[in-house]
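Chemist: Provided herewith is a single structure, encoded as structure tokens, for subsequent inquiry.
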Amino acid sequence: MDILKKIEMFREEEAKLRWEGTFGEYLEIVKEQPWVAQSAHSRVYNMIRDAGIEDDKGKKSYSFFSPQLFGLEEALERLVEEYFHPAAKRLDVRKRILLLMGPVSGGKSTLVTMLKRGLEAYSLTDRGAIFGIKGCPMHEDPLHLIPQNLRGEFYDEYGIRIEGNLSPLNMMRLEKEYGGRLEDVLVERVFFSEDKRVGIGTFSPSDPKSQDIADLTGSIDFSTIAEFGSESDPRAYRFDGELNKANRGMMEFQEMLKCDEKFLWHLLSLTQEGNFKAGRFALISADELIVAHTNETEYRSFISNKKNEALHSRIIVMPIPYNLKVTQEEKIYEKMIQESDVSDVHIAPHTLKVAAMFSILTRLKEPKKGDIDLVKKMRLYDGKNVEGYNSADVDELKKEYQDEGMSGIDPRYVINRISSTIIRKEIPSLNALDVLRSLKEGLDQHPSITNELRERYLNFISLARKEYDDIAKKEVQKAFVYSYEESAKTLMENYLDNVEAYCNKAKMRDQLTGEEINPDEKLMRSIEEQIGISENAKKAFREEILIRISAYARKGKRFDYNSHDRLREAIQKKLFADLKDVVKITTSSKTPDEQQLKKVNEVVARLIDEHGYNSTSANDLLRYVGSLLNR
Ligand SMILES: Nc1ncnc2c1ncn2[C@@H]1O[C@H](COP(=O)(O)OP(=O)(O)OP(=O)(O)O)[C@@H](O)[C@H]1O
Ligand SMILES: [Mg+2]
């Protein structure tokens, strides 16, 4: 019932937005809201801009794309700032076909679909409103009615430049239906809809022998020739090709480079001159964004063919590489799983992260400089702290290769492996080891990878596995401490008190007896040793920490557990080292005693309540960590 009500409400909303009036009345709207007359490219750009652009230290992110595209900020910024923005300002790039080039399932179609759905929704808003000549199959821009010789004056008065000529069909209708009185021509508001073939088109090449150019530019309607008397009467022509229907909006050209040349020639003139030829008529003006997509191999073979030069120079290529950030890749998988039928299966924490690590590793290129390895590079790209490197190093790394992210494992492959694991095993819960195993099996069956590449990828699986081992151990150890943060903090404060006394050559006071005592050298060393600080280096390390604390104090900031990466690491490791034996015995005992059993149950409960596990995955985790610690 509710849904029916909503449908009705939606219909009413739409009815409210409808508008129809004469060209004269339309001009009044144009005067008040000049943006209704903007070009297709400008509308696309404004749609993206109106959704909101966030600027983070000069790096832009677009709210328009962020709900569905992850980790492509740089590519999107380039796309918007080097294509849509200048195209909106009527710069020359608008006359080029936009060709998105990227590896398989890297989000190209997703991007195009977002633009299409976005335009449909935008056309329902005030800022995105569009008007067309009523009854025109191409919803022609009403301003085309204004004769060439008056367009200068129109510009002076309205500040709007008119491009394009009245189409042969509307020219005839103006004479026959309106007796030449253009102010009476009816104009209506247009709502984009791909389903209704208004303003959004898709052209997909089929067998070149059977495909007809009519799919692109429309065709003669033989049934009406008798009525209109001649094939060259525009009324006897059906302007229903994709190029016609996409006028004012956008057309997606699928597999453009696989397409027969004859189709591409139409695009040449459309993009360059803003018009195309259909039937026996004068050129038809059209204003639309043309987006095509392709992969790198196809593109290379296209440009290597001399015959394609003319077309090539009319194409703007925008690379859409794979995402290279682990956290963003996780989001991609989450989204794809959400959209699938297996969305209700329990996926243990860190499972998708580990799969993402593997994918990202396959996409990264070996760093050229320094001693940085791929795993560190992966962390840096993901915005994580890696000791000895900063954000300038990240920029530096990115500059090493222009074409990073154009190859590697694609998200669809990972999702396929995940779903096949879920379906095959009918397991109620999926963990990182299941996924790594499945990815590995998949590589063995993968027909299209070389042995060398397989070796490389298998190595990445073991790297991801190693990362997982660390994560798993930490997770369990954390769950063993009643309140991990609390214990870490206490231990750190204790350490700092000792360090302070040590550096000031002061005594400390025993909490219980009040006696004066020396700083606890054993405690300090047991922490420092965790991160490999030698006896000789301890003094410098302790002094450095004190300096850091006073620098913090000067700025009025509190030095806390997270202020010093290495100290935090040392504290963490110390806590875990203390725990190790307890964890080891408890998790791996085949016949746990009562107390061990109680502890295990407590830990399982904590993993479930606080860390997102279910009982299967929590028990799996404990068993696994137990085996790790016993190695
Ligand atoms: N960076 C990304 N952000 C969000 N989703 C992504 C990203 N990359 C890929 N995907 C997801 O992967 C799947 C495949 O993407 P899509 O179909 O858009 O790729 P494509 O580049 O068109 O691939 P193909 O070349 O095979 O046509 C989709 O479900 C998409 O949502
Ligand atoms: Mg695609």
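The values are calculated or read from the model by the stated rules, or taken from the named source; none is laboratory data. Note that the structure is a prediction, hence the values are computed from the model and not measured. Counting neighbours? That spans all protein chains shown, and the Cβs are built from the backbone with ideal geometry, glycine included. Protein only, heavy atoms only, side chains kept; ligands, DNA and RNA dropped before computing areas. Shrake-Rupley method; radii C 1.70, N 1.55, O 1.52, S 1.80 Å.
Chemist: Criterion first (surrounded by fewer than 16 Cβ atoms within 10 Å (Cβ to Cβ), within 16 Å of ligand 2 (Cβ to nearest atom) and not hydroxyl-bearing (Ser, Thr, Tyr)) does Gln33 satisfy it?
Modeler: no
Chemist: Restricting attention to the range 101-122, which residues are near ligand 1 (Cβ under 6 Å from one of its atoms) and not hydrophobic (A, V, I, L, M, F, W, C)?
Modeler: Gly102, Ser105, Gly106, Gly107, Lys108, Ser109, Thr110
Chemist: OK, next. If you check Asp341, Asp371, which single one turns out to be farther than 19 Å from Gly107 by Cα, out of contact with any Lys or Arg (no Cβ under 8 Å at 6 or more places or on another chain), within 15 Å of ligand 1 (Cβ to nearest atom) and not in a helix (DSSP H, G or I)?
Modeler: On the way: Asp371 fails: within 15 Å of ligand 1 (Cβ to nearest atom).
None of the other options fit; the residue is Asp341.
Chemist: Now for a different question. Can you name every residue in the range 69-94 that is more than 22 Å from Ile290 (Cβ to Cβ) and touching a helix residue (DSSP H, G or I) at 6+ places or on another chain (Cβ under 7 Å)? Spell out the reasoning first.
Modeler: So in the range 69-94, the residues more than 22 Å from Ile290 (Cβ to Cβ) come out as 70-71, 73-74.
Within the range 69-94, Phe70, Gly71 qualify.
Chemist: With Ile418, Ile461, Ile409 as the choices, which residue is open to solvent by less than 40 Å² (accessible area, probe 1.4 Å), out of contact with any Ser or Thr (no Cβ under 9 Å at 6 or more places or on another chain) and either without any contact (Cβ under 8 Å) to a residue 60 or more places away in the chain or β-branched (Val, Ile, Thr) (or both)? Write out each step before concluding.
Modeler: Working: Ile418 fails: out of contact with any Ser or Thr (no Cβ under 9 Å at 6 or more places or on another chain); Ile409 fails: out of contact with any Ser or Thr (no Cβ under 9 Å at 6 or more places or on another chain).
The match here is Ile461.
Chemist: Can you name every residue in the range 98-122 that is in contact with a helix residue (DSSP H, G or I) (Cβ under 6 Å, 6 or more places away or on another chain) and away from ligand 2 (no atom under 15 Å from the Cβ)?
Modeler: Gly118, Tyr122
Chemist: Check Gln530 against each of (1) without any contact (Cβ under 8 Å) to a residue 40 or more places away in the chain; (2) under 23 Å from Val386 (Cβ atoms); (3) open to solvent by 30 Å² or more (accessible area, probe 1.4 Å) and name the one condition it does not meet.
Modeler: Here Gln530 meets the rest and fails (1).
Chemist: Please name all residue pairs, on different chains or six or more residues apart, with Cβ atoms under 7 Å, provided the first residue is in the range 345-369 and is at positive phi and the second residue is among the aromatic types (Phe, Trp, Tyr).
Modeler: His350/Tyr468
Chemist: What are the pairs, 6+ residues apart or on separate chains, where a residue within the range 101-119 that is open to solvent by 10 Å² or more (accessible area, probe 1.4 Å) has its Cβ under 9 Å from a residue that is within 8 Å of ligand 2 (Cβ to nearest atom)?
Modeler: As it stands, the answer is Met101/Lys108; Met101/His293; Lys108/His293; Ser109/Gln254; Ser109/His293, since those pairs meet every condition given.
Chemist: Next question, about the same structure. Taking Tyr83, is it of a type in the set (Ser, Thr, Tyr) and within 16 Å of ligand 1 (Cβ to nearest atom)?
Modeler: no
Chemist: Return yes when Gln477 is open to solvent by less than 90 Å² (accessible area, probe 1.4 Å) and either touching a strand residue (DSSP E or B) at 6+ places or on another chain (Cβ under 9 Å) or of a type outside the set (Ser, Thr, Tyr) (or both) and no when it is not.
Modeler: yes
Chemist: If a residue has to be within 40 Å of the chain's Cα centre (by Cα) and open to solvent by 60 Å² or more (accessible area, probe 1.4 Å) to count, how many in the range 573-607 make the cut?
Modeler: Counting residues in the range 573-607 that are within 40 Å of the chain's Cα centre (by Cα) and open to solvent by 60 Å² or more (accessible area, probe 1.4 Å) gives 2.
Chemist: Quick one: which of Lys196, Lys258 is free of Cβ contacts under 8 Å to residues at least 60 places away in the same chain, basic (Lys, Arg) and closer than 29 Å to Asn295 by Cα?
Modeler: After applying the criteria, what remains is Lys258.
Chemist: Moving to a separate point now. What are the pairs with Cβ atoms under 6 angstrom where one residue, in the range 229-255, is open to solvent by 10 Å² or more (accessible area, probe 1.4 Å) and the other, located anywhere, is within 16 Å of ligand 2 (Cβ to nearest atom) and part of a loop (DSSP other than H, G, I, E, B)? Sequence gap at least six, or different chains.
Modeler: Gln254/Ser204; Glu255/Pro205
Chemist: If I filter the range 123-146 for residues that are under 28 Å from Gln272 (Cβ atoms) and either open to solvent by 50 Å² or more (accessible area, probe 1.4 Å) or within 16 Å of ligand 2 (Cβ to nearest atom) (or both), do I get at least one hit?
Modeler: First, pick out the residues of the range 123-146 that are under 28 Å from Gln272 (Cβ atoms): 123, 128, 130-133, 136-146.
Still in the list and also either open to solvent by 50 Å² or more (accessible area, probe 1.4 Å) or within 16 Å of ligand 2 (Cβ to nearest atom) (or both): none.
The answer is no, given that none of the residues of the range 123-146 is under 28 Å from Gln272 (Cβ atoms) and either open to solvent by 50 Å² or more (accessible area, probe 1.4 Å) or within 16 Å of ligand 2 (Cβ to nearest atom) (or both).
Chemist: Right, next: When you scan the range 294-307, do you find a residue that is in contact with a Gly (Cβ under 6 Å, 6 or more places away or on another chain), more than 13 Å from ligand 1 (Cβ to nearest atom) and either touching a residue at least 40 places away in the same chain (Cβ under 8 Å) or open to solvent by 10 Å² or more (accessible area, probe 1.4 Å) (or both), even just one?
Modeler: Within the range 294-307, not a single residue is in contact with a Gly (Cβ under 6 Å, 6 or more places away or on another chain), more than 13 Å from ligand 1 (Cβ to nearest atom) and either touching a residue at least 40 places away in the same chain (Cβ under 8 Å) or open to solvent by 10 Å² or more (accessible area, probe 1.4 Å) (or both).
Chemist: Which residues, taken from the range 122-181, are part of a loop (DSSP other than H, G, I, E, B) and of a type in the set (D, E, K, R)?
Modeler: Asp126, Arg127, Lys134, Glu140, Asp141, Arg161, Glu163, Arg181
Chemist: What number of residues in the range 308-334 are within 13 Å of the chain's Cα centre (by Cα) and either under 18 Å from Arg96 (Cβ atoms) or open to solvent by 60 Å² or more (accessible area, probe 1.4 Å) (or both)?
Modeler: Residues flagged as within 13 Å of the chain's Cα centre (by Cα) and either under 18 Å from Arg96 (Cβ atoms) or open to solvent by 60 Å² or more (accessible area, probe 1.4 Å) (or both) within the range 308-334 amount to 3.
Chemist: Among the residues of the range 382-418 satisfying the criterion of being in a helix (DSSP H, G or I) and among the small types (Gly, Ala, Ser), which is farthest from Phe358 (Cα to Cα)?
Modeler: Top of the filtered list is Ala392.
Chemist: May I ask you to verify whether Ile316 is among the aliphatic types (A, V, I, L, M) and assigned to a helix (DSSP H, G or I)?
Modeler: It is false that Ile316 is among the aliphatic types (A, V, I, L, M) and assigned to a helix (DSSP H, G or I).
Chemist: Given the conditions (1) of a type in the set (Phe, Trp, Tyr); (2) out of contact with any helix residue (DSSP H, G or I) (no Cβ under 8 Å at 6 or more places or on another chain); (3) in contact (Cβ under 8 Å) with a residue 60 or more places away in the chain, report the number of the one that Tyr495 does not fulfil.
Modeler: (2)
Chemist: With respect to Val342, determine if the residue is surrounded by 13 or more Cβ atoms within 10 Å (Cβ to Cβ) and over 24 Å from the mean Cα position of the chain (by Cα).
Modeler: The answer is no for Val342.
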